[in-house]
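Novice: If you scroll down you'll find the structure; I have some questions about it.
The values are calculated or read from the model by the stated rules, or taken from the named source; none is laboratory data. These numbers were taken from a predicted model, which means no experiment stands behind them. Methodologically, a virtual Cβ is constructed for each residue, glycine included, from the backbone with ideal geometry; neighbour enumeration extends over all protein chains shown. The area values use the complete protein model at the heavy-atom level, side chains included, leaving out ligands, DNA and RNA. Shrake-Rupley method; radii C 1.70, N 1.55, O 1.52, S 1.80 Å.
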Amino acid sequence: GAGVSQTPSNKVTEKGKYVELRCDPISGHTALYWYRQSLGQGPEFLIYFQGTGAADDSGLPNDRFFAVRPEGSVSTLKIQRTERGDSAVYLCASSLAGGGNEQFFGPGTRLTVL
Amino acid sequence: QQQVKQSPQSLIVQKGGISIINCAYENTAFDYFPWYQQFPGKGPALLIAIRPDVSEKKEGRFTISFNKSAKQFSLHIMDSQPGDSATYFCAARGAQKLVFGQGTRLTINP
């Protein structure tokens, strides 16, 4: 089966614009995670979905960031009024339920805000 | 308390040697400690993981040593190969989410 896929692979936008990043988890995985990885750093947690609901959004840096998972499968991370500091690789991961299951990561979306 | 500190930042090892990467944590509520390997342009991939009730886990050339009292754990790569050249991240799980170390860029010289 296919792994976690993310689109687009690269996104270049201008400061102040709105962007959407998409994640397709592994089929059957009910838990979905978003992380952000800045250059030369480890991934940082943003938000965790169990099914359709956000179980933990404590990592979202501010209210410009929002994520949805309306049908419990595909998720979209939305960033409003982008800033240069939002430039990073946004990683999505999925797992079977939550708890003690391995998180499988996608290749990420590299976001560049000019 | 949510930090995981990783060292060294970079490491160069000769082919056939042992690569050792160390991590330390503070939060005793962490319940799972994975190591991820990441190649440029790719997402992290799970290499090996351990739970805090075990002191050592070995899978092929990769071994995790875990010291619960010291709140430290390490990755040992035996017989290091050029294909092992990558960035390695330790992580710790708490409340379903992973907290990652800063990463170690490992280079294996042929």
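Novice: When both residues are 6+ apart or on different chains and their Cβ atoms are under 8 Å apart, which pairs have a first residue that lies in the stretch B:93-104 and is part of a strand (DSSP E or B), and a second that is acidic (Asp, Glu)?
Specialist: Filtered contacts from the stretch B:93-104: B:93/B:31; B:94/B:31; B:97/A:56; B:100/A:44.
Novice: Among the numbered conditions (1) in contact with a Ser or Thr (Cβ under 8 Å, 6 or more places away or on another chain); (2) in a strand (DSSP E or B); (3) away from chain A (no Cβ under 13 Å), tell me where residue B:6 comes up short.
Specialist: Only one criterion is unmet by residue B:6, namely (3).
Novice: If I ask for residues that are facing another protein chain (nearest Cβ under 10 Å) and either open to solvent by 60 Å² or more (accessible area, probe 1.4 Å) or among the aliphatic types (A, V, I, L, M) (or both), which ones from the stretch A:72-101 would you list?
Specialist: Result: A:89, A:91, A:93, A:97.
Novice: Suppose we filter the stretch A:37-71 for residues that are open to solvent by less than 60 Å² (accessible area, probe 1.4 Å), within 11 Å of chain B (Cβ to nearest Cβ) and either in a strand (DSSP E or B) or in contact with a Phe, Trp or Tyr (Cβ under 8 Å, 6 or more places away or on another chain) (or both); how many remain?
Specialist: The qualifying residues number 10.
Novice: Could you check how many residues of the stretch B:3-24 are hydroxyl-bearing (Ser, Thr, Tyr) and either surrounded by 14 or more Cβ atoms within 10 Å (Cβ to Cβ) or under 12 Å from the mean Cα position of the chain (by Cα) (or both)?
Specialist: At the first step, the residues of the stretch B:3-24 found to be hydroxyl-bearing (Ser, Thr, Tyr) are B:7, B:10, B:19.
Now restrict to residues that are either surrounded by 14 or more Cβ atoms within 10 Å (Cβ to Cβ) or under 12 Å from the mean Cα position of the chain (by Cα) (or both): B:7, B:19.
Of the residues in that region, 2 qualify.
Novice: Being without any contact (Cβ under 8 Å) to a residue 40 or more places away in the chain and within 16 Å of residue A:59 (Cα to Cα) is the filter here; which residues of the stretch A:69-86 pass it?
Specialist: Result: A:85, A:86.
Novice: I'd like the full set of residues that are exposed (fewer than 14 other Cβ atoms within 10 Å of the Cβ) and either among the hydrophobic types (A, V, I, L, M, F, W, C) or within 14 Å of chain A (Cβ to nearest Cβ) (or both), limited to the stretch B:51-74.
Specialist: Those that are exposed (fewer than 14 other Cβ atoms within 10 Å of the Cβ) and either among the hydrophobic types (A, V, I, L, M, F, W, C) or within 14 Å of chain A (Cβ to nearest Cβ) (or both): B:51, B:53, B:54, B:59, B:70.
Novice: Hey, another quick one. Scan the stretch B:1-29 and report the pairs whose first residue is free of Cβ contacts under 8 Å to residues at least 60 places away in the same chain and whose second residue is among the basic types (Lys, Arg), with Cβ atoms within less than 7 Å and a gap of 6+ or a chain change.
Specialist: Every condition considered, the pairs that remain are B:24/B:5; B:24/B:71; B:26/B:71.
Novice: Mind telling me which of the residues B:77, B:48 ends up being within 14 Å of another protein chain (Cβ to nearest Cβ), aliphatic (A, V, I, L, M) and either open to solvent by less than 60 Å² (accessible area, probe 1.4 Å) or more than 18 Å from residue A:95 (Cα to Cα) (or both)? It would help to see each step written out before you state the result.
Specialist: On the way: B:77 fails: within 14 Å of another protein chain (Cβ to nearest Cβ).
Exactly one of B:77, B:48 is within 14 Å of another protein chain (Cβ to nearest Cβ), aliphatic (A, V, I, L, M) and either open to solvent by less than 60 Å² (accessible area, probe 1.4 Å) or more than 18 Å from residue A:95 (Cα to Cα) (or both), namely B:48.
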